[in-house]
2 protein chains.
Amino acid sequence: MARPMGSVRLKRANPCTLALGVLLCLFILYFLVSPSSPATSNRLASVTAQHHLSPPTSPYRKSSTKSGLQLGPPPVIRYNLNNVTITPNPIENQEHVLILTPMTRFYQEYWDNLLRLNYPHELITLGFILPKTKEGNAATAALQQMIQKTQKRGPEKERFKSIIILRQDFDPAIASQDEAERHKMSNQKARRSVMAKARNSLLFTTLGPATSWVLWLDSDIVETPPTLIQDLATHNKDIIVPNCFQKYYNEEKKKMDERPYDFNSWQDSEVALQMAAKMGQDDILLEGYADMPTYRSLMAYMATVGGDENLALPLDGVGGTALFVKADVHRDGAMFPPFAFYNLIETEGFAKMAKRLGWQPYGLPNYKVYHYNE
Amino acid sequence: MARPMGSVRLKRANPCTLALGVLLCLFILYFLVSPSSPATSNRLASVTAQHHLSPPTSPYRKSSTKSGLQLGPPPVIRYNLNNVTITPNPIENQEHVLILTPMTRFYQEYWDNLLRLNYPHELITLGFILPKTKEGNAATAALQQMIQKTQKRGPEKERFKSIIILRQDFDPAIASQDEAERHKMSNQKARRSVMAKARNSLLFTTLGPATSWVLWLDSDIVETPPTLIQDLATHNKDIIVPNCFQKYYNEEKKKMDERPYDFNSWQDSEVALQMAAKMGQDDILLEGYADMPTYRSLMAYMATVGGDENLALPLDGVGGTALFVKADVHRDGAMFPPFAFYNLIETEGFAKMAKRLGWQPYGLPNYKVYHYNE
């Protein structure tokens, strides 16, 4: 499949703003309630209503249709959003969910899992952001191919309401996305700062007035319960995170097994707070590294065999592999700090910021989602 | 004019999330490139393309038009946004500007001044947020009336691209909006925290992928140069603020005069930094109060008679009465902290956050906008 878009560059007139600028949208896909004939469709496209957020809008450009259709004064149209709710019964209340995914590599299993989610797809908008690297380009191409397949040729019930793909115009912190390299402690601050900016760009650009919930879902999450959205909404928490595990072949036991993967969901400890108090304000505390023992209570280790899936515990830090957030939490201003915020960064900083705004994160130690195993 | 909308309430299933939830959209006005006949318009509305952000979208609902129009598979449509730029020549580059206004009272002079802005109106989207108080309801009604007048019956060139009105569902911090009450120091933290949340709600909900610039313009700014947007963009700064003054009748001189109004734009001082260092982390430093002398250099006092309008000085804090921001600054995550952030809040906290993200605010001491005089 030919890639239809060229590369994107912001004209940076002010070079000293470095590579911090954000976001060029490569394209936006709309899935229209389209009329039957292509001819009508074209005519509609030129005269049709467009939301102010929908590019490119030129409401006053004279119509150049052959029909000589004259443009009347633009009417005032009202959309009453009194029905936008955020409740434990999102399907019943037709609540819109925005699934946001920062992506560097495209995993077929991620897409397949997405398609298996049985929350009504017409209530789901997908948003992606990918870096402008070779790897990011390849992932974009693969993603577009699957979007074409699903949205154009797939069964109607699998099609999502709409899909937005953004491309970063800032540099990724490290070139390689290999797991070993990514997880090196020395790379973490720079890496997570860039990741935080990517999340913010995606969030600020895609959150709309009708969004009830935001599901952050990393591109390497390859298995979740199909009822993920409904299950998480049922808890009616401001922020809630499942426990992210990884399936692997256990050489000792000679069979498939699973192990905790995401260590960013935790309850704070006195030790960690004291460590932070001694740190410089730009330093960050990281979790899951042996040479920085924080003695925080990690949700990763709280899962118990046969434990109650509905057990919800309050958390102080959250991971972003799968993270379900009431849209109002973000609207209040909770974002992913790309800088040290109370010595925390990215999703952990987000949890702290949400708490400062009066919202409480929770975790589900026995409700699992699974990370890709490289 | 009858008010077409009823009141709005979020169903809060979880009462302990208090009044922190945000935003119900009362309605969104679209100004469509409409076809000539109302009949065609109605038909279009039911089958037309809608952005994922445009409510309410039910792309897969079966068409119930009498014509028996069958819905085909939703096509994939691309919008190439390679041309979204942020430059000193915004008109030439057709850059979209989002003007955001938190509003409690409607001033006719504000609206008239808005209409006088000679940046192409078809590139301007307006966003408002108003509290759900008696005063807010009255302002909403007045605002809607002017919108109807401008967008429906006004000259085409005055009409804006689109207008969004949001209503807060959290309580205003203090009931009265009288100037004396609003400016009481003891009320400032609560008031500015609520204002910060209103700004965040407005920002997160309206910023789109095609937005190049955001102009924050308070609803009591009643006079600006008509070239405000172009003038500010020319400087090509990440964040730039004009100097906000107020016209009044000078009893001594027996003639009209002007005085500084907004004291939130400043360069930091050693004294202020030391004061902050001694404060609790939830305390905030406020500017413009005699009993809290910070010795910061206030832009309010930097204006000189006959001074260079183009003089731009770096700032550490900014006010929000008129505030021009590259959309990328917000996309990186810069929002208005409703909590103490480095002992700063709201617009001043925003400046600090932007700086932490690597963006630099500037001020124009001799380029003035004027605040309403109560």
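A few comments on the model shown:
- Cross-link reach is defined here as a Cα-Cα straight distance under 25 Å, omitting same-chain residues fewer than 8 places apart; for residue A:255 the lysines meeting it are A:247, A:368.
- Environment charge of residue B:204, counting only residues whose C-beta is closer than 9 Å and scoring Lys/Arg +1, Asp/Glu -1: 0
- For peptide B:207-216, the mean count of partner chain Cβ atoms within 10 Å of a residue's Cβ comes to 5.
- Neighbouring partner chain Cβ atoms per residue of A:84-94, average, 10 Å criterion: 3
- Note on residue A:149: lysines with a C-alpha under 17 Å away, same-chain residues under 8 apart excluded, are A:157, A:161.
- Projecting 7 Å from Cα along the Cα-to-Cβ direction, the label point of residue B:280 sits 2.9 nm from its equivalents in the other copies, listed shortest first.
- At q = 0.10, 0.13, 0.16 Å⁻¹, base-10 log of I(q)/I(0) for region B:84-371 (Debye sum, equal scatterers on each alpha carbon): -0.51, -0.90, -1.41
- Mean Cβ count within 10 Å, highest first, over the residues of peptides A:343-350, B:355-362: A:343-350, B:355-362
- Ordered from largest to smallest accessible area (heavy atoms of protein chains, 1.4 Å probe), the residues A:289, B:295 come out as B:295, A:289.
- Reachable aspartates and glutamates from residue B:352, criterion Cα separation under 12 angstrom, eight or more residues apart if same chain: B:268, B:316
- DSSP beta bridge pairing in region B:84-371, given as percent antiparallel to the nearest 5: 45
- Within the shell of other residues whose beta carbon sits under 10 angstrom from the beta carbon of residue B:150, the net charge comes to +3, with Lys and Arg scored +1 and Asp and Glu -1.
- Ranking of A:234, B:294 by solvent-accessible surface, largest first: A:234, B:294 (1.4 Å probe, protein heavy atoms only, all chains present).
- Ranking A:224, A:104, A:260 by Cα position along the charge dipole of region A:84-371, where only Lys, Arg, Asp and Glu carry charges on their C-beta atoms, puts A:104 farthest toward the positive end.
- The residue B:282 and residue B:149 beta-carbon pair, evaluated with R₀ = 60 Å, returns a calculated FRET efficiency of approximately 0.85.
- Dipole of region A:84-371, positive end: most advanced residue of A:350, A:243, A:272 [Cβ charges, Cα centre]: A:350
- Both chains summed, the buried accessible area for B and A stands near 10700 Å², from protein heavy atoms and a 1.4 Å probe.
The values are calculated or read from the model by the stated rules, or taken from the named source; none is laboratory data. These figures come from a predicted structure and were not determined experimentally. All Cβ positions, even for glycine, are placed from backbone atoms using ideal geometry, and neighbour counts span all protein chains on display. Each accessible area value is taken on the protein alone, full model and side chains, heavy atoms only, with ligands, DNA and RNA left out. Shrake-Rupley method; radii C 1.70, N 1.55, O 1.52, S 1.80 Å.
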